[in-house]
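Where a number appears in this text, it was derived from the coordinates with a stated rule and is not lab data. Just so it is clear, the structure is predicted and the values come from calculations on it, not from any experiment. Note: ideal-geometry Cβ built from the backbone for every residue, glycine included; neighbour counts use all protein chains shown.
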Amino acid sequence: MHEWSLAEGIYRAVLEFAESHNVKKILEVEIKVGELMQLDLELMKEAIVTLAQGSIMEGAKIEFSVEKAEFRCEKCGYEWNFETAKKEIKRRISKDKLIKDEAGSLDLPLHYIPDLVYALAICPRCGSSNILVTSGRDVKIQKIMVKK
Ligand SMILES: [Zn+2]
């Protein structure tokens, strides 16, 4: 599962950091998760806690914060956020009738969004599809609190 491999990456990075800094105990780890990642944070926390058992990270508090997604147009330089991107995609989908759910409704379920953002997002200002996701699509260790 996605969450487990990310949890393992985080666990390893934290331990590596701890080893290179002579840390005796890890007290707290804060993880920043991109808005577009769509992770089950409870599952991820559980995975980290499980992996940490028997290590100096055992019992550490695991906190998450969300990194907002941001987009930038390569053509005109315009920048916008996820809310605007979603509105824009919804507007285009209902116009072009690209997607319907099982009941034939054009209402767009939120869980489809991240893939759609990549496939369908265009610049709200100039309409270019040459866009960059500048933030909100990765997982970072934001803060580690330790006892030396
Ligand atoms: Zn543009």
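For the reader, a short list of remarks on this structure follows.
- Partners for Lys90 among lysines (Cα-Cα distance below 28 Å; same-chain residues under 8 apart left out): Lys32, Lys68, Lys75, Lys100
- Amide proton proximity set for Gln38, modelled H, under 5 Å, gap of 5+: none
- Computed E for Cys76/Asp40 - FRET, C-beta separation, R0 22 angstrom, nearest 0.05: 0.05
- Model label sites at Gln53 and His2, defined 7 Å from Cα along the beta-carbon direction, differ in position by 2.6 nm.
- Taking other C-beta atoms within 10 angstrom as a stand-in for reagent exposure, Tyr78, Tyr118 fall in the order Tyr118, Tyr78, fewest first.
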